[in-house]
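Peer 1: Provided herewith is a single structure, encoded as structure tokens, for subsequent inquiry.
The values are calculated or read from the model by the stated rules, or taken from the named source; none is laboratory data. Small disclaimer: the values here were computed from a predicted structure and weren't measured. Reconstructed Cβ throughout: ideal geometry from the backbone, glycine too, with neighbour counts over all protein chains shown.
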Protein chains: 2
Amino acid sequence: MAVQFELTKRYIEELKDLIQAGEEKKVLQLIGDLHAADIAEIYDEINIGEAKFLFLLLDGEMAADVLAELDEDDREKFLKVLPSDVIARQFIEKMDSDDAADVIADLSEKRKKEVLLHIDDVDQAGEIVELLAYDEDTAGGLMAKELIKVNENWTILTCLKEMSKQAAGVDEVYYVYVVNDNDILKGTVSLKRMLLSQNRSKIKDISNTDVISVKTDTPSEEVANIMKKYDLVALPVINSIGRLLGRITIDDVVDVIKEEAEKDYQMASGISEDVESTDNVWLLTRARIPWLLIGLLGGVLVAKVIGLYEIDLGMYPEMAFFIPLIAAMGGNVGVQSSAIIVQGLANNTLGIESTFTKLMKELTVAGINGITLAGLIFLYNVLATDSFALTLTVSIALFSVIIFASFFGTFIPLLLNRIKVDPALATGPFITTLNDIMGLFIYLMIGRILYGVF
Amino acid sequence: MAVQFELTKRYIEELKDLIQAGEEKKVLQLIGDLHAADIAEIYDEINIGEAKFLFLLLDGEMAADVLAELDEDDREKFLKVLPSDVIARQFIEKMDSDDAADVIADLSEKRKKEVLLHIDDVDQAGEIVELLAYDEDTAGGLMAKELIKVNENWTILTCLKEMSKQAAGVDEVYYVYVVNDNDILKGTVSLKRMLLSQNRSKIKDISNTDVISVKTDTPSEEVANIMKKYDLVALPVINSIGRLLGRITIDDVVDVIKEEAEKDYQMASGISEDVESTDNVWLLTRARIPWLLIGLLGGVLVAKVIGLYEIDLGMYPEMAFFIPLIAAMGGNVGVQSSAIIVQGLANNTLGIESTFTKLMKELTVAGINGITLAGLIFLYNVLATDSFALTLTVSIALFSVIIFASFFGTFIPLLLNRIKVDPALATGPFITTLNDIMGLFIYLMIGRILYGVF
């Protein structure tokens with residue numbers, strides 16, 4: 001039985017040594033019966049020359065599987081060094097249509113045409129061209145053409161025969177789709193149901209007509225939500241008149257679900273591209289500096305705001321002590337509020353409450369938190385400082401900042417979503433900076449007034 | 001064909017009116033052929049009395065499905081008002097073993113026993129008791145007992161007959177598991193392969209022995225990573241001697257994948273419980289106040305640090321202008337670094353680089369960002385202020401803070417992970433606060449030195 005593979009530094013070193021020495025047999029022994037996904041992981045750790053050596057050792061089917069599993073940037077590097085006819089015949093022809101289209105989509109326009117011309121199977125080339133036409137973030141971009149379909153008027157016996165032919169090209173069956181004479185999707189029939197029924201029954205009579213499907217232009221986020229909600233492992237894709245065009249399988253959608261959830265986290269953390277710690281320094285820098293520049297600009301604006309109160313600060317330097325506290329609390333509350341809204345929007349779990357109800361609820365939460373925290377800092381300052389003006393200023397400002405930050409944190413992502421901008425933009429550095437500026441303005445203004453009074 | 005259901009305010013109002021009027025028939029018409037997941041969504045929007053009315057109208061199978069789909073807190077509320085024998089006979093007996101165990105696990109100890117005693121099918125009760133023994137965050141806690149298994153020595157024909165019996169209790173087949181006479185897992189055989197082979201072939205000869213499995217105590221995060229990596233829709237679970245105990249299906253793991261990704265985001269946003277915007281004010285407050293208290297404590301410590309420099313600030317109040325900028329940039333950089341590490345740890349994509357290599361790379365990125373940003377703020381201050389001491393202080397401090405914040409942001413989550421603490425703790429308010437304190441200390445210290453020089 002297969003044991004789960006664990007990549008170690010020692011393993012990679014041994015492999016590299018064997019490749020260097022050109023020991024083809026020993027390399028094959030070491031790779032043994034690894035899964036394509038494991039071999040793809042190895043590619044992350046070796047150089048392009050070693051990768052090429054390894055690729056040539058793999059048999060065709062496996063090489064194509066590994067190529068489909070590689071990261072986009074690794075794949076691009078690798079395909080660059082291969083001629084178009086090798087790509088077409090050794091890889092593309094052995095892939096499922098959705099993987100093949102993904103690989104070809106990353107090539108330059110010129111190379112795309114070359115590779116397509118070298119595919120011998122005209123049907124397959126046609127399917128790939130069809131898939132390439134769909135936006136990659138839609139159901140059309142996710143679907144594969146491989147599926148098993150049967151006519152509603154067939155008997156189970158005819159079906160089983162027909163399926164034996166079709167099944168050879170399909171990795172996993174999951175559902176058998178039922179269509180009418182015009183290829184319009186009418187339902188599904190499970191293999192289990194066929195096993196349990198008489199061979200002479202008509203498909204029509206044992207099929208489940210209550211089938212959920214999506215159109216080619218359904219956004220992939222919606223596809224993911226549907227498959228997650230209804231626990232589907234495969235989802236048929238139809239065109240506008242209901243004709244069955246392909247199916248989306250859960251493994252592709254798991255990636256979408258994960259990427260969507262991670263994208264929101266990355267946005268909130270001020271990372272603008274999908275990077276991993278194994279990426280190179282240049283990529284890591286590029287993904288991070290845009291938000292830092294926004295933070296810097298925000299900091300300069302905040303400096304301007306504080307500058308308006310230079311004289312006050314000269315007279316009451318203790319006012320400066322609580323500047324970071326006010327700024328940080330505004331930021332924290334804003335990030336909390338926006339995270340809840342952004343996750344709710346992404347998961348479609350905001351419910352049917354109106355924006356007004358949501359804001360009221362959020363402000364109630366903010367009110368409770370604000371009173372608690374302002375109360376605590378009031379007690380602390382009563383004990384720790386002898387300036388009552390400062391004590392009162394910090395508490396009133398903290399309460400106000402918490403209320404404002406919750407309001408912005410809730411309202412801005414909802415507003416962005418309404419005007420079709422990604423609401424995750426409103427999390428992270430953007431909302432933090434906005435709340436910094438607003439919070440300090442409130443703090444210093446209240447301070448000026450109260451120091452005048454007491 | 002089923003159209004995707006969309007919950008609207010009007011729909012809920014109509015439903016509530018019909019329930020109030022006791023119009024059973026019309027309610028059933030309105031609910032029509034909704035999926036259990038859709039009905040579960042409706043339960044979020046109606047009160048407990050209305051929910052009970054609706055439940056009694058549903059037929060048994062559907063009622064059990066809806067119960068399995070409900071949020072844990074909704075389900076608890078609802079089960080509280082039902083007697084134990086109704087729970088056992090109307091719901092539990094109609095559920096798959098994993099869903100049944102999940103529902104029972106949420107009951108009080110006393111109710112658990114009562115419900116188990118009321119289950120008429122002794123085998124089912126035994127299975128549930130077995131499943132209840134596993135930690136819910138392990139493979140044992142995720143698996144269901146329902147699966148189809150065949151003996152390796154059977155022929156396809158015997159198999160098909162046996163499977164017809166077993167299949168009735170299994171929702172989705174996916175794979176047929178092959179075991180030996182001692183119930184030890186030997187491989188899988190696909191329905192497709194059976195369709196394509198002779199009826200007299202032995203299972204042994206057409207089965208795939210290269211099957212990935214997990215033990216009952218494998219953590220659910222690892223289960224999710226394995227299923228995602230190898231694109232599996234079902235994963236068999238074995239005990240320490242290899243006996244087949246159950247299987248985990250992808251729909252349960254999709255939830256784990258999503259929850260894991262979201263948990264890290266929530267931690268980074270300072271939210272300590274899994275809350276949604278539709279939760280009540282009390283839950284929303286409780287999830288948020290712990291991190292705000294940490295932020296408040298941090299703010300007070302920062303105030304103490306700045307307090308050490310009260311005299312300097314009285315003399316050079318313009319030093320206060322850039323306090324928020326230094327604090328915010330330290331926070332932003334720390335959050336970026338820690339997010340990359342935390343995501344890498346969660347996805348197992350940190351590669352085989354050593355901690356030292358990672359830190360060096362991170363510091364290089366920080367160096368590039370630090371020089372760029374410090375350079376920009378230097379230029380700005382040369383133009384905007386006439387204090388060279390301030391100009392130099394801000395730039396040097398900004399550079400140092402970026403370096404330190406990257407170091408902590410990378411090192412602390414790796415350290416926490418090493419000592420088996422959730423590394424996500426090191427994101428969000430905690431790392432922000434630490435960087436605030438350290439950053440301002442550096443800033444004010446450099447300021448004191450440079451103002452002394454210039």
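Peer 1: For residues that are within 7 Å of chain A (Cβ to nearest Cβ) and outside any helix (DSSP H, G or I), scanning just the range B:232-269, find the one that is nearest to A:ILE368 (Cα to Cα). Give the derivation first.
Peer 2: Applying the first criterion (within 7 Å of chain A (Cβ to nearest Cβ)) to the range B:232-269 yields B:233, B:250-251, B:254, B:257-258, B:261-262, B:264-266, B:268-269.
Adding the requirement that they be outside any helix (DSSP H, G or I) leaves B:233, B:269.
Numbers: B:VAL233: 45, B:SER269: 19 Å.
Of everything passing the filter in the range B:232-269, B:SER269 is nearest to A:ILE368 (Cα to Cα).
Peer 1: Separate question: I'm told A:SER337 meets every condition in (1) touching a Gly at 6+ places or on another chain (Cβ under 6 Å); (2) facing chain B (nearest Cβ under 8 Å) except one. Can you identify the failing condition by its number?
Peer 2: (2)
Peer 1: Could you say whether any residue in the range A:338-350 is among the β-branched types (Val, Ile, Thr), within 30 Å of A:PHE454 (Cβ to Cβ) and crowded, with 20+ Cβ neighbours inside 10 Å?
Peer 2: no
Peer 1: Determine whether B:SER272 is more than 9 Å from chain A (Cβ to nearest Cβ) and among the polar types (S, T, N, Q). I'd like the intermediate steps shown before the answer.
Peer 2: Working: more than 9 Å from chain A (Cβ to nearest Cβ): yes; among the polar types (S, T, N, Q): yes.
Yes; evaluated as a whole, the condition is true for this residue.
Peer 1: Given the condition more than 7 Å from chain B (Cβ to nearest Cβ), surrounded by 19 or more Cβ atoms within 10 Å (Cβ to Cβ), not charged (D, E, K, R) and not in a helix (DSSP H, G or I), answer yes or no: does some residue in the range A:294-317 qualify?
Peer 2: So far as the range A:294-317 goes, yes, one or more of its residues are more than 7 Å from chain B (Cβ to nearest Cβ), surrounded by 19 or more Cβ atoms within 10 Å (Cβ to Cβ), not charged (D, E, K, R) and not in a helix (DSSP H, G or I).
Peer 1: Any idea which residue in the range B:21-33 is nearest to the other protein chains (Cβ to nearest Cβ), counting only those that are part of a helix (DSSP H, G or I) and free of Cβ contacts under 8 Å to residues at least 12 places away in the same chain? Show your work before the answer.
Peer 2: Within the range B:21-33, the first condition is being part of a helix (DSSP H, G or I), and the residues that meet it are B:24-31.
Among the residues that remain, those that are also free of Cβ contacts under 8 Å to residues at least 12 places away in the same chain are: B:25-26, B:29.
Values: B:LYS25: 21, B:LYS26: 21, B:GLN29: 16 Å.
Once the filter is applied, the top-ranked residue is B:GLN29.
Peer 1: Suppose we filter the range A:210-231 for residues that are aliphatic (A, V, I, L, M) and in a helix (DSSP H, G or I); how many remain? Please lay out each step first, then the result.
Peer 2: Looking only at the range A:210-231, we keep the residues that are aliphatic (A, V, I, L, M), and these are A:211-212, A:214, A:223-224, A:226-227.
Those still in the list that are in a helix (DSSP H, G or I) too: A:223-224, A:226-227.
Result for the range A:210-231: 4.
Peer 1: Please verify whether the range B:247-263 includes one or more residues that are within 25 Å of B:ILE128 (Cβ to Cβ) and in contact with a Pro (Cβ under 6 Å, 6 or more places away or on another chain).
Peer 2: We begin by selecting, within the range B:247-263, every residue within 25 Å of B:ILE128 (Cβ to Cβ); these are B:247-256, B:259.
From the residues that got through so far, the ones that are in contact with a Pro (Cβ under 6 Å, 6 or more places away or on another chain) too are B:247.
Taking every residue of the range B:247-263 in turn, at least one turns out to be within 25 Å of B:ILE128 (Cβ to Cβ) and in contact with a Pro (Cβ under 6 Å, 6 or more places away or on another chain).
Peer 1: Then there is this: What number of residues in the range B:161-205 are in contact (Cβ under 8 Å) with a residue 24 or more places away in the chain and in a loop (DSSP other than H, G, I, E, B)?
Peer 2: 15
Peer 1: Which number in (1) within 18 Å of B:LYS77 (Cα to Cα); (2) surrounded by 15 or more Cβ atoms within 10 Å (Cβ to Cβ) marks the one condition that B:ILE48 misses?
Peer 2: (2)
Peer 1: A further question follows. Filtering the range B:366-383 down to residues that are closer than 18 Å to B:ALA328 by Cα and among the hydrophobic types (A, V, I, L, M, F, W, C), which residue is nearest to the chain's Cα centre (by Cα)?
Peer 2: Residue satisfying both the conditions and the ranking: B:ALA366.
Peer 1: Which residues, taken from the range A:395-454, are closer than 30 Å to A:GLU273 by Cβ and outside any helix (DSSP H, G or I)?
Peer 2: A:ILE419, A:LYS420, A:VAL421, A:ASP422, A:THR427, A:GLY428
Peer 1: Evaluate the range B:355-375: report whether one residue or more is more than 30 Å from A:GLU13 (Cβ to Cβ), modelled with pLDDT under 90 and among the charged types (D, E, K, R).
Peer 2: Scanning the range B:355-375, I find no residue that is more than 30 Å from A:GLU13 (Cβ to Cβ), modelled with pLDDT under 90 and among the charged types (D, E, K, R), so the answer is no.
Peer 1: Could you tell me whether A:VAL254 is in contact with a Lys or Arg (Cβ under 7 Å, 6 or more places away or on another chain), at pLDDT 85 or above and not charged (D, E, K, R)? First the steps, then the outcome.
Peer 2: Numbers: in contact with a Lys or Arg (Cβ under 7 Å, 6 or more places away or on another chain): yes; at pLDDT 85 or above: yes; not charged (D, E, K, R): yes.
The answer is yes for A:VAL254.
Peer 1: Mind telling me which of the residues B:THR218, B:THR158 ends up being of a type in the set (Val, Ile, Thr) and without any contact (Cβ under 8 Å) to a residue 12 or more places away in the chain? Walk me through how you get there before you give the answer.
Peer 2: On the way: B:THR218 fails: without any contact (Cβ under 8 Å) to a residue 12 or more places away in the chain.
Of B:THR218, B:THR158, the one residue that is of a type in the set (Val, Ile, Thr) and without any contact (Cβ under 8 Å) to a residue 12 or more places away in the chain is B:THR158.
Peer 1: Let me ask another. The conditions are (1) assigned to a helix (DSSP H, G or I); (2) in contact (Cβ under 8 Å) with a residue 24 or more places away in the chain; (3) in contact with a helix residue (DSSP H, G or I) (Cβ under 9 Å, 6 or more places away or on another chain); (4) not aromatic (Phe, Trp, Tyr), and B:GLU45 fails exactly one of them. Which is it?
Peer 2: Result: B:GLU45 fails condition (1) only.
Peer 1: Free of Cβ contacts under 8 Å to residues at least 24 places away in the same chain and of a type in the set (Val, Ile, Thr): does that describe B:VAL86?
Peer 2: Details: free of Cβ contacts under 8 Å to residues at least 24 places away in the same chain: yes; of a type in the set (Val, Ile, Thr): yes.
Spelling it out, B:VAL86 is indeed free of Cβ contacts under 8 Å to residues at least 24 places away in the same chain and of a type in the set (Val, Ile, Thr).
Peer 1: Let me spell it out: the conditions are (1) away from every other protein chain (no Cβ under 12 Å); (2) among the polar types (S, T, N, Q); (3) closer than 12 Å to B:GLY330 by Cβ, and B:THR432 meets all of them except one. Which number is the exception?
Peer 2: Every listed condition holds for B:THR432 apart from (1).
Peer 1: For the condition in a helix (DSSP H, G or I) and buried (at least 19 other Cβ atoms within 10 Å of the Cβ), what is the one hit in B:LEU379, B:LEU383, B:LEU390?
Peer 2: Numbers: B:LEU379 fails: buried (at least 19 other Cβ atoms within 10 Å of the Cβ); B:LEU383 fails: buried (at least 19 other Cβ atoms within 10 Å of the Cβ).
Exactly one residue qualifies, and that residue is B:LEU390.
Peer 1: Right, something else. Residues in the range A:5-15 that are in a helix (DSSP H, G or I) and surrounded by fewer than 15 Cβ atoms within 10 Å (Cβ to Cβ): how many? Lay out the reasoning, then the answer.
Peer 2: Just the residues of the range A:5-15 that are in a helix (DSSP H, G or I), to begin with: A:9-15.
Subsequent filtering for residues that are surrounded by fewer than 15 Cβ atoms within 10 Å (Cβ to Cβ) retains A:9-10, A:13-14.
Selection size over the range A:5-15: 4.
Peer 1: Which count do you get for residues in the range B:1-42 that are among the aliphatic types (A, V, I, L, M) and in contact with an Asp or Glu (Cβ under 6 Å, 6 or more places away or on another chain)?
Peer 2: Qualifying residue count, the range B:1-42: 7.
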